[in-house]
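First comes the structure, then the notes that go with it.
Coordinate-derived values only; no laboratory data. The structure displayed is predicted, hence computed values, not measured ones. No Cβ is skipped: glycine too gets one built from the backbone with ideal geometry, and neighbour counts run over all protein chains shown.
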């Protein structure tokens, strides 16, 4: 069997199906696998349960009506506190929402990665998380302390989508920015995982720009690799590129008006990834 796992974004989405539980890596408006998300928008896949530290990935999928259930710690654009499409979808009750503490989400992924049914955590105790999620249970320590803890259920994913700075053709993924986020946990918690990256390089080149601790995602947990330059746009992928704040502002403004959003969709989301990148370049030329 070939160790070459390279494929197109369309190939990745072709392996997804409606009703799946899909985890999306990154954090807010940072290092999101947006090229894969845009390919998902162009597909017939729908009725998804999405697990995410949410940003425009959640917003775009919500605007397209592809989410049945969302499991998230937040949905933000970072410099814009609330993702506008997410806010509008929640107001009209477009999907079920499971609100978890950020640490609870992390430990749910960890439980899945270790093939455990749940993880006991202190996060969430004394907060409204248990009130708004009545399905959550608590457990008591079997030892002398008898401490009560939250039993966070495993977030076992059908598929995970993440974006990294570099990867090789075998699925080893490298981050070069300031934070790994939890992309490795998303991949390990999933039955199948797909990595998009700014550039596919030879395995020997992965250590040229950073040390071995930057090798975040292991090939054993990856089923497909897609080269997608600027594929995190408009979110950041430091040091390759920062968040495109000007474009993000245009996105937010368009999201507030149905007519403006239709025009935005026609201009930026009606074609393939190459058409999107060309439209973004034209947008910046006009702005300049």
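Before moving on, here are some points about what is shown:
- Residue among 271, 231, 259 that is surrounded by 13 or more Cβ atoms within 10 Å (Cβ to Cβ) and over 20 Å from the mean Cα position of the chain (by Cα): 271
- Scanning the stretch 219-265 for residues that are farther than 21 Å from residue 78 by Cβ, touching a helix residue (DSSP H, G or I) at 6+ places or on another chain (Cβ under 6 Å) and free of Cβ contacts under 8 Å to residues at least 24 places away in the same chain gives a single hit, 260.
- Answer residue from the stretch 164-184, given it is touching a residue at least 60 places away in the same chain (Cβ under 8 Å) and under 16 Å from the mean Cα position of the chain (by Cα) and is surrounded by the fewest Cβ atoms within 10 Å (Cβ to Cβ) among those: 179
- Identity of the residue in the stretch 38-54, closer than 18 Å to residue 162 by Cα and in contact with a strand residue (DSSP E or B) (Cβ under 7 Å, 6 or more places away or on another chain), that ends up surrounded by the fewest Cβ atoms within 10 Å (Cβ to Cβ): 49
- Answer residue from the stretch 20-30, given it is touching a helix residue (DSSP H, G or I) at 6+ places or on another chain (Cβ under 8 Å) and under 16 Å from residue 235 (Cα atoms) and is surrounded by the fewest Cβ atoms within 10 Å (Cβ to Cβ) among those: 29
- Selection count where residues are in contact (Cβ under 8 Å) with a residue 40 or more places away in the chain and farther than 25 Å from residue 242 by Cα, scope the stretch 185-206: 4
- Of the helices (runs of 4 or more DSSP H) that lie entirely inside the stretch 196-288, those containing 2 or more residues that are within 19 Å of residue 7 (Cα to Cα) span 273-287.
- Here is the figure for the stretch 67-99: residues that are assigned to a loop (DSSP other than H, G, I, E, B) and closer than 23 Å to residue 235 by Cα total 8.
- Residues in the stretch 123-153 that are surrounded by fewer than 14 Cβ atoms within 10 Å (Cβ to Cβ), part of a loop (DSSP other than H, G, I, E, B) and touching a strand residue (DSSP E or B) at 6+ places or on another chain (Cβ under 6 Å): 146 alone.
- Index of the failed condition, residue 93 passing every other in (1) surrounded by 14 or more Cβ atoms within 10 Å (Cβ to Cβ); (2) under 17 Å from residue 133 (Cα atoms); (3) out of contact with any helix residue (DSSP H, G or I) (no Cβ under 6 Å at 6 or more places or on another chain): (1)
- From the options 92, 156, residue that is under 20 Å from residue 21 (Cα atoms) and out of contact with any strand residue (DSSP E or B) (no Cβ under 6 Å at 6 or more places or on another chain): 156
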